[in-house]
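> Here you go, one structure.
Every read-out reported here was derived from the displayed coordinates using simple, explicitly stated rules and does not represent laboratory data. Computed from a predicted model, the values in this text were never measured in an experiment. Backbone-built Cβ (ideal geometry, glycine too); neighbour counts: all protein chains shown.
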């Protein structure tokens, strides 16, 4: 029996185009996520001309905008960035569940990788920690996921 080498993506996808769909709600946090995503993509030599940012009111609007962007055929991956912070009502649970479900459906319906960079935290402090300038920035992680998925899909 021979061992086969697994096929996996890399953090480089030459000439790939990326769309970032960013929620304005909790903008202090989402702007930091966007900064992290852009930092990661630029570090991997993605040109500014290959990046496009779209803004939506809040996390609930992310799936529809991501789908419309993916359907244009102009992008190799979509990165969605948002922040839902728990409040005193069940609203948090509904928004988180529907946003997550919708984003997953976009990738399956369009065949375009959609990287999930939506924070769902209990408080502002947790959100700030996940959107900071260091390596724990979830926007940066989402961008690297998008790069890896583009690379992987090119091999399939």
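> What number, rounded to the nearest 500 deg cm²/dmol, is the helix-based mean residue ellipticity at 222 nm of the chain, given -39500 (n - 2.57) per DSSP H run of at least four residues and division by all its residues?
-15000 deg cm²/dmol
> Going by alpha carbons, how many degrees (0 to 90, nearest 10) lie between the helix axis of 138-155 and the longest principal axis of the chain?
The helix 138-155 is inclined about 30 degrees to the chain.
> Calculated FRET efficiency, residue 28 and residue 64, Cβ-Cβ r, R0 30 Å, to nearest 0.05?
According to the calculation, E is roughly 0.80.
> When the Kirkwood hydrodynamic radius is evaluated over all pairs of different C-alpha atoms of the chain, what value in angstrom, to one decimal, is obtained?
Answer for the chain: a Kirkwood hydrodynamic radius of 15.7 Å.
> Something else about it: Residue 52 to residue 12: FRET efficiency via 1/(1 + (r/R0)^6), r the Cβ-Cβ distance, R0 25 Å, to the nearest 0.05?
It comes to 0.80.
> Let me ask something else. For 75, 116, 92, what's the fewest-to-most ordering of other Cβ within 10 Å of each Cβ?
Listing 75, 116, 92 from fewest to most nearby Cβ atoms yields 92, 116, 75.
> Taking the Cα atoms only, what angle lies between the long axis of helix 62-71 and the longest principal axis of the chain, rounded to 10 degrees?
On a 0 to 90 degree scale, this one is about 30.
> When a footprinting reagent is the concern and you count Cβ atoms within 10 Å, what order do 10, 148 take, fewest first?
Ascending Cβ contact count within 10 Å gives the list 10, 148.
> Multiply the residue gap between residue 155 and residue 43 by 0.36 nm, knock off their C-alpha separation, and tell me the result in nm, one decimal place.
38.1 nm
> Taking only Cα atoms, what is the 0 to 90° angle, nearest 10, from helix 27-43's long axis to the longest principal axis of the chain?
Long axis of 27-43 versus the principal axis of the chain: about 10 degrees.
> Something else: Run the Debye formula on the Cα coordinates of the range 87-156, all scatterers equal and no solvent, and tell me log10 I(q)/I(0) at q = 0.18, 0.19, 0.20, 0.26 1/Å.
So the normalised log intensities work out to -0.83, -0.88, -0.94, -1.15.
> Out of all DSSP beta bridges in the range 18-151, what portion is antiparallel? Express it as a percent rounded to 5.
Once the DSSP bridges in the range 18-151 are tallied, antiparallel ones form about 0 percent.
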